[in-house]
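Okay, so here's the structure we're looking at.
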Amino acid sequence: MTTRKPSIAPLRKDAQRNRAALLDAARTVFAEEGLDAPLEGIARRAGLAIGTLYRHFPTRMDLVGAVMAEKKRAWIKAAEAAVVIEPAWDGLTFFLERVCELQAGDLAFNDIASMRFPYAAGIEAARKRAYDLGRRIVERAQAEGSLRPDITAEDVAFIVWAHSRVSEATYAIDPHAWRRYLALTLDGLRATAAHPLPVPPLRPRQVLRAQLRLGRRRLR
């Protein structure tokens, strides 16, 4: 005998409007202020009470997950496309450019791309998928001989991390300034431009610790 799962009643039209208003407000506020933006300000921007926000999104990360769903899909889609692009160097540049485009003007996605949130399963699943594909993107470019051999997937993560600050500082002044700095970075990644690096790369566990530390500080 099979047990039927209880059906979830559809939201009333007024509840649907409230949810949509909260998501629109959160998308704007998180993009402008980052993931630690006050939830009261989001509710106020939506024209609703904070209690209404919590009825739809019991925790901050529930709201973040709903707001970031589209960008998470775009992130994974970019990595899946990049891992089959030929030549492999073009796949690497495509992926980094697409991630930087997603970051530009969006402090929330900057946070998602450079921090770790162990209690947000959906975000961490997307990050793991992007990381695994990113490692393959790096390995393909190295096998091709276009990417310097001492670069690791963790190094690529730090490129994205560094770009988050560039985007945050320059977006309101020149929304395309990040393209210059990414181009400079890419030139430094080319195998033909490689010089010995002064210290070894961080190990994956060290990168995890750094990202967790940032996430805790951001949402403290």
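From the list Phe95, Phe158, pick out the single residue that is more than 19 Å from Leu212 (Cβ to Cβ), part of a helix (DSSP H, G or I), aromatic (Phe, Trp, Tyr) and in contact with a helix residue (DSSP H, G or I) (Cβ under 9 Å, 6 or more places away or on another chain). So that I can check it myself, show each step before the final result.
On the way: Phe158 fails: more than 19 Å from Leu212 (Cβ to Cβ).
Result of the check over Phe95, Phe158: Phe95.
Okay, residues lined up against (1) without any contact (Cβ under 8 Å) to a residue 40 or more places away in the chain; (2) charged (D, E, K, R); (3) open to solvent by 30 Å² or more (accessible area, probe 1.4 Å); (4) over 25 Å from Pro204 (Cα atoms):
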residue	(1), (2), (3), (4)
Ala74	yes, no, no, no
Pro87	no, no, yes, yes
Ala104	no, no, no, yes
Asn110	no, no, no, no
Arg116	no, yes, yes, no
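In segment 176-202, what count of residues is obtained for those that are at pLDDT 85 or above, within 18 Å of Val156 (Cβ to Cβ) and assigned to a helix (DSSP H, G or I)?
12
Here's a check for you: in segment 203-216, which residue that is in contact (Cβ under 8 Å) with a residue 60 or more places away in the chain and under 16 Å from Val156 (Cα atoms) is least open to solvent (accessible area, probe 1.4 Å)?
Within segment 203-216, the subset in contact (Cβ under 8 Å) with a residue 60 or more places away in the chain is 208, 211-212, 214-215.
Filter again for under 16 Å from Val156 (Cα atoms), leaving 208, 211.
Values: Leu208: 52, Gln211: 17 Å².
Filtering segment 203-216 for residues that are in contact (Cβ under 8 Å) with a residue 60 or more places away in the chain and under 16 Å from Val156 (Cα atoms), the one least open to solvent (accessible area, probe 1.4 Å) comes out as Gln211.
Open to solvent by 40 Å² or more (accessible area, probe 1.4 Å), of a type in the set (A, V, I, L, M, F, W, C) and not in a helix (DSSP H, G or I): is that true of Ile173 in this structure? Even if it seems obvious, please write down each step before you answer.
Values: open to solvent by 40 Å² or more (accessible area, probe 1.4 Å): yes; of a type in the set (A, V, I, L, M, F, W, C): yes; not in a helix (DSSP H, G or I): yes.
When the stated conditions are applied, Ile173 passes them.
Looking only at residues in segment 146-156 that are within 19 Å of Asp187 (Cβ to Cβ) and among the hydrophobic types (A, V, I, L, M, F, W, C), which one is nearest to the chain's Cα centre (by Cα)? I'd like the intermediate steps shown before the answer.
At the first step, the residues of segment 146-156 found to be within 19 Å of Asp187 (Cβ to Cβ) are 146-152, 155-156.
Within this subset, residues satisfying the condition of being among the hydrophobic types (A, V, I, L, M, F, W, C) are 147, 151, 156.
Numbers: Leu147: 23, Ile151: 21, Val156: 13 Å.
Among them, the one singled out is Val156.
Inspect segment 45-62 for any residue being at pLDDT 95 or above, within 23 Å of Ser164 (Cβ to Cβ), among the hydrophobic types (A, V, I, L, M, F, W, C) and within 21 Å of the chain's Cα centre (by Cα) and give the result as yes or no. Quick ask: steps written out before the conclusion?
Looking only at segment 45-62, we keep the residues that are at pLDDT 95 or above, and these are 45-58.
Imposing the further condition that a residue be within 23 Å of Ser164 (Cβ to Cβ) reduces the set to none.
No, every residue in segment 45-62 fails to be at pLDDT 95 or above, within 23 Å of Ser164 (Cβ to Cβ), among the hydrophobic types (A, V, I, L, M, F, W, C) and within 21 Å of the chain's Cα centre (by Cα).
The values are calculated or read from the model by the stated rules, or taken from the named source; none is laboratory data. It should be emphasised that the depicted structure is a prediction, and the values quoted were computed from it without experimental measurement. Heads up, the Cβs are rebuilt from the backbone with ideal geometry, glycines too, and the neighbour counts pull from every protein chain shown. For the accessible areas, the whole protein counts, side chains as well, though only heavy atoms, and no ligand, DNA or RNA atoms are used. Shrake-Rupley method; radii C 1.70, N 1.55, O 1.52, S 1.80 Å.
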